[in-house]
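Comments concern the structure below.
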Amino acid sequence: MFPSVDFVGNWRRWFVISGVLLALGILAMLFGRLDLGIDFQGGAQFTATGAERQLSEDDVTAALPPGIAEESVVTTLGNNGYEVRTPVLSDAESEEVADALSEALGAEVSATSVSPAFGEQLRNQALQAVAAALLIIVAFISVRFEFSFAIAAMAALVHDVLLTVGFYAVFGREVSLVTVVAVLTVLGYSLYDTIIIFDRIRENAPTLGYNRRRFDEMVNVSIRQVIRRSIYTSVFTLIPVTALLIFGESTLSDFAFALLVGILAGAYSSIFIAPQTLALYKAWRAGSVRRAPSSA
């Protein structure tokens, strides 16, 4: 499949495509479009269920107390539910908001509050979880294959994480603990796809010596041998994820969005980023070894 495509030789083209997409996401984050939910920055969340009156999100916002309404975000949950997120409130303000929603909607209202300190703690723990997962993956691949494969896999996984979070910022999606779960899921999926290609590369690699032209062609052959499987797996995985994105409610939709972007990024990086990074690293290492005796 794709016999005329030089996957390794055209590495600049693949890297430029990723670079443009990553730059868009990073710019969106720098301009403050990354919407951290109350899980990470603190705040209050009010959930109204079984609403007797169906109001638009603007009408629900207008029913909130002045001074709070301007900083609130209202989301519709199904046919008779609403979710309202606000900054950190005092007990009196929280009770006032709950009463206003109950009166306006004729619904039962529950409230959840997260302090800024606790939100910061959750944010740090989420970052630590992602970092720990990456380090464990590097250690596993270093043992299972070799360190050069681990470097390439790390580059692909960081690419997938940054692309997923960047697209969250571009589309203004709220980052919550659900997003962290989705990112960790994406890491596992992307690694699985990358390992398939790496395993084929290791099987096809010559046992003695290194020649860049021969190694690059071997990587191309290895990709062609498994690319059909990678594409089919990604397509069939994306079908239920897309259905969940379209028909799911807000929390499920956010989870599905992260999976959608992450799976696409993972499928791309396993074919167009990880093998190319491996080939470039091998070439760099070979050049360094050749230069070492002459410099001595």
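Please verify whether segment 160-181 includes one or more residues that are assigned to a helix (DSSP H, G or I), aliphatic (A, V, I, L, M), farther than 30 Å from Asp39 by Cβ and in contact with a Phe, Trp or Tyr (Cβ under 7 Å, 6 or more places away or on another chain).
No, segment 160-181 has no match at all.
Of everything in segment 4-24, what is exposed (fewer than 13 other Cβ atoms within 10 Å of the Cβ) and in contact with a helix residue (DSSP H, G or I) (Cβ under 7 Å, 6 or more places away or on another chain)? Give them in sequence order.
Of everything in segment 4-24, just one residue is exposed (fewer than 13 other Cβ atoms within 10 Å of the Cβ) and in contact with a helix residue (DSSP H, G or I) (Cβ under 7 Å, 6 or more places away or on another chain), namely Asp6.
Among what's in segment 199-230 and is modelled with pLDDT under 90 and hydrophobic (A, V, I, L, M, F, W, C), pick the residue that is farthest from Ala274 (Cα to Cα).
Leu208
Which residues, counting only those in segment 89-106, are out of contact with any helix residue (DSSP H, G or I) (no Cβ under 7 Å at 6 or more places or on another chain) and either at pLDDT below 80 or small (Gly, Ala, Ser) (or both)?
Ser90, Ala92, Ser94, Ala98, Ser102, Gly106
Would you check which residues across segment 151-199 are buried (at least 18 other Cβ atoms within 10 Å of the Cβ) and among the aromatic types (Phe, Trp, Tyr) and list them?
Scanning segment 151-199 gives Phe167, Tyr168, Tyr189, Phe198.
Considering each residue of segment 191-233, count those that are of a type in the set (Ser, Thr, Tyr), over 23 Å from Val161 (Cβ atoms) and out of contact with any helix residue (DSSP H, G or I) (no Cβ under 6 Å at 6 or more places or on another chain), and give that number.
Residues that pass the stated criteria total 2.
Could you look through segment 25-54, keep only residues that are in a loop (DSSP other than H, G, I, E, B) and surrounded by fewer than 18 Cβ atoms within 10 Å (Cβ to Cβ), and pick out the one that is modelled with the highest pLDDT?
This residue is Phe31.
On the basis of being hydroxyl-bearing (Ser, Thr, Tyr) and farther than 29 Å from Leu163 by Cβ, does Thr86 make the cut?
For Thr86, the condition - hydroxyl-bearing (Ser, Thr, Tyr) and farther than 29 Å from Leu163 by Cβ - is met.
Is it true that Ile17 is in contact with a Gly (Cβ under 7 Å, 6 or more places away or on another chain) and in the same structural domain as Thr164 (by TED's automatic domain parsing)?
no
The values are calculated or read from the model by the stated rules, or taken from the named source; none is laboratory data. All values derive from a computational prediction rather than experimental measurement. All Cβ positions, glycine included, derive from the backbone under ideal geometry; neighbour counts span all protein chains shown.
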